[in-house]
Each structure stands twice: as structure tokens, then as C-alpha cells.
Amino acid sequence: MNKNVFKKAVAGITFGFALLPFLALAQVPGVPGPIITSPQSIFTILNNVLNFLAAAVFVIAIIMLLYAAILFLTAGASETVHAKAKSVLMYAIVGIVVALLTYSVIPFIQNFFLGK
């Protein structure tokens, strides 16, 4: 058997087992009502998703910032490590800015579509 086919089969089986808990969710008696009942509920869901994504990006950016600091401290006279630390620091700062700008997207969308 080809190794590539074997790898794909193992990945497919693993993915299938990872989805098994979702089959149990289909067995819940008493299906809840609709999630979206008004235009405001769309913005509430969007707000929750963007808050989660912003928090995740912010945490990753802080970890990258700490990684850049460690690279700077351990670089010594190595120019390649110093250049890598500068690029990681730049991307960490960009990540922090993107995470902070995410919080301004929801009010902009609400003002644009709802006129509030």
C-alpha cells in the first residue's frame, strides 16, 4: 500500500473520530428555538465572535512579544537572530494593533447598517 494513501486514510479516520461528539449533540431531545430572531441578534453573535477572535489574537501577539524579547536577549552578536527578533517583534505589534482595531469594527457595522 502506498504511504501517501495510508497517511490520508489515517488522517480521515482521525478526523472522523474527532467528529463523533457532534453526533451525540444530534440526540438532544427538545430542539431549542431559532438563534437569530432579529437583526440585533445578528450583531450580538457577531460581537461575541469578534470578541473571542480579538482575545485569541491578542494572546498570541503577547506570546510572540515575549518570544521576541527572549530572542533579543539571547541573540548576542548574531545578526541573523537579531533580524529574526526584529521581524517577530514587528509582527507581534501588528497583531496587537489588529486585536485592538477589532473592537472598533462592531460599532462601525452597527452604525452603518442600523443607523444607531
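Can you name every residue in the range 57-68 that is of a type outside the set (Ser, Thr, Tyr) and touching a residue at least 12 places away in the same chain (Cβ under 8 Å)?
Across the range 57-68, the qualifying residues are Val57, Phe58, Ile60, Ala61, Ile62, Met64, Leu65, Ala68.
Please specify each residue of the range 101-116 satisfying the condition of being touching a helix residue (DSSP H, G or I) at 6+ places or on another chain (Cβ under 8 Å) and within 27 Å of Leu71 (Cβ to Cβ).
Within the range 101-116, Thr102 is the sole residue that qualifies.
Residues that are of a type outside the set (D, E, K, R) and under 21 Å from Ile109 (Cα atoms): does the range 59-82 have at least one?
Taking every residue of the range 59-82 in turn, none turns out to be of a type outside the set (D, E, K, R) and under 21 Å from Ile109 (Cα atoms).
Could you please find all residues in the range 1-40 being under 30 Å from Gly115 (Cα atoms) and modelled with pLDDT under 70?
Residue satisfying the conditions is Gly33 alone.
Being among the small types (Gly, Ala, Ser), exposed (fewer than 13 other Cβ atoms within 10 Å of the Cβ) and within 21 Å of the chain's Cα centre (by Cα) is the filter here; which residues of the range 88-116 pass it?
Ser104
The values are calculated or read from the model by the stated rules, or taken from the named source; none is laboratory data. Since the model is a prediction, treat every value here as computed from it, not as a measurement. Here Cβ is always computed from backbone atoms with ideal geometry, including for glycine, and neighbour counts include all displayed protein chains.
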